[in-house]
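Enquirer: I am attaching a structure below and will ask some questions about it afterwards.
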Amino acid sequence: MLYNVEEDFDLGVSPKRAYFSSVTGGASRHLMVNGSSERMAIKVKCSNNRFFRISPVFTILDPGCAQRLQIVRDPGCPGMDKLVLMYTRTTGRNAREVFEQCDKSRLGRLLIALVARDRE
């Protein structure tokens, strides 16, 4: 099987799931790693901004560098949601500006599943 190794490891995130109590809420930390040889601009979007707060929403990751992603969930209805990490290679220094100007059809995407259960 042939595949492009460079694309497979452009941006990594771990863990790919986060579990929360719907009764008490909670927090989850994740690690984003730029496995490419170029600077990456990253934008994080959430399917449910009512219960979740994310930090950072925009960031720049240099080649080989890592950064923590903090997800905080408020108490509320149980259910499944998702985070989408959109990323693109860039030479820019401001991630927000990069995403305002970039071709949206060429963005890479990673998902993090967000699961809120009834039990604590």
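Every number here is computed from the coordinates shown, using simple stated rules; none is lab data. Note that the structure is predicted; figures quoted are calculated from it, not measured. In this analysis, Cβ positions are derived from the backbone assuming ideal geometry, glycine residues included, and neighbour counts consider all displayed protein chains.
Enquirer: Using +1 at the Cβ of each Lys and Arg and -1 at the Cβ of each Asp and Glu in segment 11-117, identify which of L85, L61, A27 lies farthest towards the dipole's positive end.
Expert: A27
Enquirer: Here's another thing I want to ask about it. Over all directions, how big on average is the projection of the convex hull of the alpha-carbon atoms in segment 11-117, in square nanometres? It would help to have the intermediate numbers written out before the result.
Expert: Values: hull surface 24.6 nm².
Mean shadow area of the hull around the Cα atoms is 6.2 nm².
Enquirer: Sticking with this structure for a sec: Under 19 Å Cα to Cα from K16, which lysines show up? Leave out anything in the same chain fewer than 8 places away.
Expert: Those lysines meeting the cut-off are K43, K45, K82.
Enquirer: In whole Hz, with x marking every Gly and Pro, tabulate ³J(HN,Hα) for segment 10-25 from phi via Karplus 6.51 cos²θ - 1.76 cosθ + 1.60, θ = phi - 60°.
Expert: Each residue of segment 10-25 in turn: 4, 9, x, 9, 8, x, 8, 9, 9, 10, 9, 8, 6, 7, 10, x Hz.
Enquirer: Any idea how far the Cα center of segment 12-64 sits from the one of segment 86-102, in Å?
Expert: Spelled out, the Cα-based centre of one part sits 17 Å from the other.
Enquirer: Here's something else I'd like to know. What value in Å³ per residue do you get for the convex hull of the alpha-carbon atoms in segment 73-120?
Expert: On the way: hull volume 5.6 nm³, N = 48.
Output value, Cα hull per residue: 117 Å³.
Enquirer: Dipole of segment 47-92, Cα-centred, from +1 at each Lys and Arg C-beta and -1 at each Asp and Glu C-beta, to the nearest 20 debye?
Expert: 60
Enquirer: Something else: Using Cα-Cα distances under 8 Å and only pairs 6 or more residues apart, what relative contact order does the chain have, in percent?
Expert: Worked out over the chain, it gives 34 percent.
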